[in-house]
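Asker: Dropping the structure in here first, questions after.
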């Protein structure tokens, strides 16, 4: 059987699947069940020094579905854990006693240097395997922009990372970045320059989740008012993939990937662009800890199909195929190829090409689509809208 173990910051994980800092990791009994189910580790929900106000508001979660069915995004106005560091550290100590083979990571957020340093000392004393530091939640207590994320100020990223590394004596320091920056590589490079051991890439994306067209009020509706939510779930996966790839390509830093992974396929994509493990949150909140079986089975099947003996064999494998637009091969034209045996004759490709493409698809009397070779340029629109997997693909236009 293929070896699913991975290493991150010198720590061995039994598989690359980790519970992210979120509601599923904010309760000791839930964490026990997660570990028993087979998750390799967990990042405790982000905590703060005792006495820090945590004014949670409800309802805090909003879902967005596709055509009223599949949940493809979730928004939250949740804050850090209402449980302060002293209580969280007790949980870490308990988990390390009961599950010594699992990787238990503390997650912290401070408002000043003393807070950051105190939290590091508390996590290390409790026995945490590593410390994740949230630079990706609105703080406004450091720097000149009230309500901004620490990770949006490159100078502060470097300075605060230095504080944390100076306080840490045993634990690797992982800085959780926000994608809400002009240059994610610059932010990751600041972490590296300050001695940070790794980055977590990346967090949710500030969003307005929608408007209730009956009340005309934004959602979630909290006493008639709302606030911007952090968008998570499958909708943000492409953004996270780019963030991971850019950090891996330009800094060489170790990365734990989070943001949008819901399936084993998503996790493998994260690994292929440089993540060394993958954190899950929204998918667990929707389907429960049980998805770990699906994740492990899918990963093993993928590795066996591609003859990878261990996960380390394909981490970063796909990075060599990423380049800038001007360096892409000069293939002038492609051609849409439709597998008529798989076609369900829905007509979506025809309509899309007619009104949004190159008018290169025609329908016969039996509603079978045909591609006009002279008009088709291989733009890919038809394949994008087709509901049948592998029914349409694009290949170079080579005359027979």
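The values are calculated or read from the model by the stated rules, or taken from the named source; none is laboratory data. Just so it is clear, the model here is predicted, and its values are computed rather than measured. Don't worry about glycine lacking a Cβ; one is built from the backbone with ideal geometry, like all the others, and counts go over all protein chains shown.
Asker: Could you pull out the residue among 293, 390, 355 that is surrounded by fewer than 15 Cβ atoms within 10 Å (Cβ to Cβ), part of a helix (DSSP H, G or I) and touching a residue at least 40 places away in the same chain (Cβ under 8 Å)?
Answerer: Every option except 293 fails the conditions.
Asker: Which numbered condition trips up residue 255, out of (1) in contact with a strand residue (DSSP E or B) (Cβ under 6 Å, 6 or more places away or on another chain); (2) assigned to a helix (DSSP H, G or I)?
Answerer: Among (1) in contact with a strand residue (DSSP E or B) (Cβ under 6 Å, 6 or more places away or on another chain); (2) assigned to a helix (DSSP H, G or I), the lone unmet condition for residue 255 is (2).
Asker: In the set 170, 158, which member is surrounded by fewer than 19 Cβ atoms within 10 Å (Cβ to Cβ) and in a helix (DSSP H, G or I)?
Answerer: Testing whether each residue is surrounded by fewer than 19 Cβ atoms within 10 Å (Cβ to Cβ) and in a helix (DSSP H, G or I) leaves just 158.
Asker: How many residues are touching a helix residue (DSSP H, G or I) at 6+ places or on another chain (Cβ under 8 Å) and over 24 Å from residue 255 (Cβ atoms) when one looks only at region 277-288?
Answerer: 0
Asker: Name the one entry in 342, 333 that is touching a residue at least 40 places away in the same chain (Cβ under 8 Å), within 30 Å of residue 267 (Cα to Cα) and surrounded by fewer than 16 Cβ atoms within 10 Å (Cβ to Cβ).
Answerer: Unique residue meeting the criteria: 342.
Asker: Output the number of residues of region 202-223 satisfying the condition of being in a loop (DSSP other than H, G, I, E, B) and either over 24 Å from the mean Cα position of the chain (by Cα) or surrounded by fewer than 19 Cβ atoms within 10 Å (Cβ to Cβ) (or both).
Answerer: 11
Asker: What are the pairs with Cβ atoms under 8 angstrom where one residue, in region 246-266, is at pLDDT 95 or above and the other, located anywhere, is surrounded by fewer than 22 Cβ atoms within 10 Å (Cβ to Cβ) and in a loop (DSSP other than H, G, I, E, B)? Sequence gap at least six, or different chains.
Answerer: 247/253; 248/316; 249/322; 254/9; 254/197; 259/179
Per-residue answers, yes or no, for (1) surrounded by fewer than 16 Cβ atoms within 10 Å (Cβ to Cβ); (2) assigned to a helix (DSSP H, G or I):
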{"residue": "178", "(1), (2)": "no, no"}
{"residue": "188", "(1), (2)": "no, yes"}
{"residue": "200", "(1), (2)": "no, no"}
{"residue": "235", "(1), (2)": "no, yes"}
{"residue": "238", "(1), (2)": "yes, yes"}
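Asker: Which residues, taken from region 192-236, are in contact with a helix residue (DSSP H, G or I) (Cβ under 6 Å, 6 or more places away or on another chain) and under 29 Å from residue 56 (Cβ atoms)?
Answerer: The answer is 199, 201, 202, 205, 232, 233.
Asker: A further question on this structure: Looking at residue 195 and the list (1) without any contact (Cβ under 8 Å) to a residue 40 or more places away in the chain; (2) surrounded by 21 or more Cβ atoms within 10 Å (Cβ to Cβ); (3) part of a loop (DSSP other than H, G, I, E, B), which single condition is not satisfied?
Answerer: With respect to (1) without any contact (Cβ under 8 Å) to a residue 40 or more places away in the chain; (2) surrounded by 21 or more Cβ atoms within 10 Å (Cβ to Cβ); (3) part of a loop (DSSP other than H, G, I, E, B), residue 195 is out only on (2).
Asker: While we're here: Scan (1) at positive phi; (2) touching a strand residue (DSSP E or B) at 6+ places or on another chain (Cβ under 9 Å) for the single condition residue 390 breaks and write down its number.
Answerer: Only one criterion in (1) at positive phi; (2) touching a strand residue (DSSP E or B) at 6+ places or on another chain (Cβ under 9 Å) is unmet by residue 390, namely (2).
Matching residues to (1) under 19 Å from residue 372 (Cα atoms); (2) under 32 Å from the mean Cα position of the chain (by Cα); (3) modelled with pLDDT of 95 or more; (4) not in a strand (DSSP E or B):
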residue	(1), (2), (3), (4)
315	no, yes, yes, yes
319	no, yes, yes, yes
323	no, yes, yes, yes
326	no, yes, no, yes
337	yes, no, yes, no
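Results for (1) over 19 Å from residue 311 (Cβ atoms); (2) outside the structural domain of residue 173 (by TED's automatic domain parsing); (3) crowded, with 18+ Cβ neighbours inside 10 Å, shown as yes or no for each residue.
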{"position": "11", "(1), (2), (3)": "no, no, no"}
{"position": "22", "(1), (2), (3)": "yes, no, yes"}
{"position": "27", "(1), (2), (3)": "yes, no, no"}
{"position": "35", "(1), (2), (3)": "yes, no, yes"}
{"position": "46", "(1), (2), (3)": "yes, no, yes"}
{"position": "52", "(1), (2), (3)": "yes, no, no"}
{"position": "56", "(1), (2), (3)": "yes, no, no"}
{"position": "63", "(1), (2), (3)": "yes, no, no"}
{"position": "73", "(1), (2), (3)": "yes, no, yes"}
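Asker: Is region 320-328 home to any residue that is surrounded by 12 or more Cβ atoms within 10 Å (Cβ to Cβ) and under 30 Å from residue 13 (Cβ atoms)?
Answerer: yes
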